[in-house]
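What follows is a single structure, written as structure tokens, with notes after it.
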Amino acid sequence: YTTLFRSGVGKTGLAVYWSHRVADRFPHGQLFADLHGHDEQGPADTGAVLDGFLRALGVAQDRLAAALAERAALYRSLLDRRKVLVVLDNARSFAQIAALVPGGGECCVLVTSRGQLGDLINRHGATRLRLGPLAAGDAIELLGRMVADARVAGDPEGTARLAQLCD
């Protein structure tokens, strides 16, 4: 379990990038959910996310129990002894992800969040990885890779300001 922090520093991008790089280590699949933890419309419903995961794991709609606890138990039993990567992006709180955390030790769970998620660390032994803004020079170099280098070189003040604004 790993949690990543801070708004706007590339948590999702890093999580997706890393997930693609290690996907072959998880032969039983990968699950991804944007939990919308800090979106204006509010966080994603845990039950709906769990239903999507169960369907992705091959569970028919008519096998989905009404109670969240029963669906979570089915999810955990399906993942038992499987190597699955579960990415829970933009979590608001531990309460939002508790039913989505597999019970077995073979799965890897990567959680991105602006919050600390202390319960995930305390109950499941998660590793906390804090992300902060890039140093100014590194941010400018990254912008140079993303846009035409001539534009970056042609407007060093604008590029520095954009890098600062993007955190």
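If you put +1 on each Lys and Arg Cβ and -1 on each Asp and Glu Cβ, how big is the dipole of the chain around its Cα centre, in Debye rounded to 20?
Roughly 540 debye for the chain.
Wrap a convex hull around the Cα atoms of the chain, take a quarter of its surface area, and give that in square nanometres. Show your work: numbers first, answer last.
Working: hull surface 44.9 nm².
Hull-based average projected area comes out at 11.2 nm².
Taking a probe of 1.4 Å, how large is the accessible area per residue of the chain, in Å²?
57 Å²
Using a probe of 1.4 angstrom, how much of the accessible area of the chain is carbon and sulfur, in percent?
That fraction is 51 percent.
Could you list log10 I(q)/I(0) for segment 72-114 at q = 0.14, 0.16, 0.27, 0.32 Å⁻¹, which the Debye formula gives when each Cα is one point scatterer?
-0.30, -0.39, -0.95, -1.14
The values are calculated or read from the model by the stated rules, or taken from the named source; none is laboratory data. This is a predicted model, so every value here is computed, not measured. Neighbour counts run over all protein chains shown; Cβ positions are idealised from the backbone, glycine included. The area values use the complete protein model at the heavy-atom level, side chains included, leaving out ligands, DNA and RNA. Shrake-Rupley method; radii C 1.70, N 1.55, O 1.52, S 1.80 Å.
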